[in-house]
Amino acid sequence: MINKLPYKYNSLEPYIDAKTMKIHYTKHHQSYIKKFNTALKNYKNLQKKSPEELIKNLSKIPKKIRMSIRNNGGGHVNHSFFWTLLKKNIKPKNEILKEINKEFGNFEKFKKEFTNKSLTLFGSGWTWLVMSNKKLEITTTSGHDNPLSKGKIPILVLDLWEHAYYLKYQNKKADYIKAFFHIINWNKVNENFVDALKK
Ligand code: MN
């Protein structure tokens, strides 16, 4: 879990502008962290667990705070993960590229399916590349739900809430998705994939 952005707000220009990054990180993400901590305030045992563990086992969370953990804990976990996956000019290679070619036919087909699923997601949510039963799969979630709750292992994710792109792209969601493909940190994605194979 990272608490600090490992790069500058302008590092992803021109694909994601510095102002969006700053507001996204310092306002949106931080507000989820704050509400998540508030929900856990009176639950000492739950505080000892990682946010990912809590998200994995939502049914074990007391009903009174379950919705808040799902939304705000999910918001925290998803954003923390998202930040680690962004870097300019990294090409897909090694194990992950091999597996993408095997599973989707080729990289362009993968990109097309990821883009189509992102475009057809209604409302706010996320598009994921996950490992599900040892197989790569593209899936979307609404709100801040995370595939961890369904026993899947996230490899890559795209934030499709309007706050992630509205300042620069307004209603042009397709352009934002296109831009995302220029700033995927494929080294990190590969690391996530190789780790997932061991689980
Ligand atoms: Mn966001």
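Checking each residue in the range 44-74 for being touching a residue at least 24 places away in the same chain (Cβ under 8 Å), in a helix (DSSP H, G or I) and of a type outside the set (D, E) picks out P51, I55, K56, L58, I65, S68, I69, R70, N71, N72, G73, G74.
Only one residue in K91, K112, K134 is at pLDDT below 95 and over 18 Å from F36 (Cα atoms). Which one? It is K134.
Residues in the range 15-43 that are in a loop (DSSP other than H, G, I, E, B) and free of Cβ contacts under 8 Å to residues at least 12 places away in the same chain: K41, N42. It is to be established whether one or more residues within the range 36-45 are more than 17 Å from F180 (Cα to Cα), surrounded by 17 or more Cβ atoms within 10 Å (Cβ to Cβ) and either β-branched (V, I, T) or away from the ligand (no atom under 16 Å from the Cβ) (or both). Yes: one or more hits. Could you list all residues from the range 14-25 that are away from the ligand (no atom under 12 Å from the Cβ) and closer than 17 Å to D159 by Cβ? Y15, D17, A18, K19, K22 - these are the residues of the range 14-25 that are away from the ligand (no atom under 12 Å from the Cβ) and closer than 17 Å to D159 by Cβ.
As for the range 125-142, it holds at least one residue that is loosely packed, with under 15 Cβ neighbours inside 10 Å and under 22 Å from Y25 (Cα atoms). Filtering the range 147-167 to residues that are part of a loop (DSSP other than H, G, I, E, B) and within 13 Å of the ligand (Cβ to nearest atom) leaves L160, W161, Y165. Among the residues of the range 124-137, at least one is within 16 Å of the ligand (Cβ to nearest atom), touching a Phe, Trp or Tyr at 6+ places or on another chain (Cβ under 7 Å) and either at positive phi or among the β-branched types (V, I, T) (or both).
The values are calculated or read from the model by the stated rules, or taken from the named source; none is laboratory data. From a predicted model like this one, the values you see are computed outputs, not experimental measurements. Reconstructed Cβ throughout: ideal geometry from the backbone, glycine too, with neighbour counts over all protein chains shown.
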